[in-house]
1. Write out the GluC sites (Glu not before Pro) in the stretch 1-103 meeting two conditions: DSSP loop, and at most 15 other Cβ atoms within 10 Å of their Cβ.
2. Take the Cβ-Cβ distance between N166 and L12 as r, set R0 to 45 Å, and report the resulting FRET efficiency rounded to the nearest 0.05.
3. Work the Kirkwood hydrodynamic radius out for the stretch 38-77: mean of 1/r over every pair of different alpha-carbon atoms, inverted, in Å.
4. Work out the P(r) tail for the stretch 53-96: percent of alpha carbon pairs separated by more than 15 Å, whole number.
5. Over the stretch 27-129, with every protein chain in place, what whole percent of the accessible area is carbon and sulfur at 1.4 Å, could you tell me?
6. Express in nm, to one decimal, how much length is gained between S21 and V104 on full extension, taking 0.36 nm for each residue of separation and deducting their alpha carbon distance.
7. Out of I73, Q85, H59, whose Cα points farthest toward the positive end of the dipole of the stretch 38-90 (charges: +1 Lys, Arg; -1 Asp, Glu; placed on Cβ)?
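The values are calculated or read from the model by the stated rules, or taken from the named source; none is laboratory data. Note that the coordinates shown come from a computational prediction; the quantities given were computed from them, not determined experimentally. Here the Cβ positions follow ideal geometry from the backbone for every residue, glycine too, while neighbour counts run over all protein chains shown. Note: accessible area is taken over every heavy atom of the protein model, side chains too, but ligands, DNA and RNA are not part of it. Shrake-Rupley method; radii C 1.70, N 1.55, O 1.52, S 1.80 Å.
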Amino acid sequence: AERTQDGYIVPLKNLINEVYSKDISKKIDAALSVKQRSGEFIGAWAPYGYCKDPDDKHHLIINPETAPTVRQIFKWRSEGISVVQIGRKLNDAGILSPSQLKRVRGLETNFNKKDRVILWNKHMITEILQNIVYIGHLSQKKGSQCLYGGIPYHITSEDEWVIAKNTHEPLLSEELFEKVQEI
């Protein structure tokens, strides 16, 4: 019987399920946090220029197909070429943007559902130019949510990011990266 005469069983079951769900959510959150701090990559997609290591999905390896584009973006920027001009150069050369590349490979994301070619833009290039992943470090937890605490997904401030150093092979020299940051 789903209900007793005084109607306590159903609400009690709901309460137990809710407590159980929150407990599981806390445990998952804690486990992911440990992975981030120990330098394991936990994202769904590897950053552009990298791919997930087939032997260990929490480790990044250089993607020989897209890494040259990342290096070219940094080289151009270090030479004073504007972010908008870099986007134009990449689009003119027919180099697929990260979102378009995923779409062509049949990987649907929130950004590539629209029925149009997704070109390189200022935002994509700026994100690449500022990402410490390219010098071998991981910065994770750039977005956060807390299901058990009722906190919806939000972009976190830089001081909340989890940074792990020297977790994978760098794509660039630190000198080039720093030069671009100064520009």
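1. Details: sites: E2, E18, E40, E65, E79; in loops: E2, E40, E65, E79.
The qualifying sites are E2, E65, E79.
2. Working: r = 51 Å, r/R0 = 1.14.
The value I calculate is 0.30.
3. Computed over the stretch 38-77, the radius equals 10.8 Å.
4. Numbers: 491 of 946 pairs.
So the portion of pairs separated by more than 15 Å is 52 percent.
5. Values: 3380 of 6170 Å².
Answer for the stretch 27-129 is 55 percent, counting heavy atoms of protein chains only.
6. Numbers: separation 83, 0.36 × 83 = 29.88 nm, distance 3.70 nm.
Fully extending the segment from S21 to V104 adds 26.2 nm.
7. Q85
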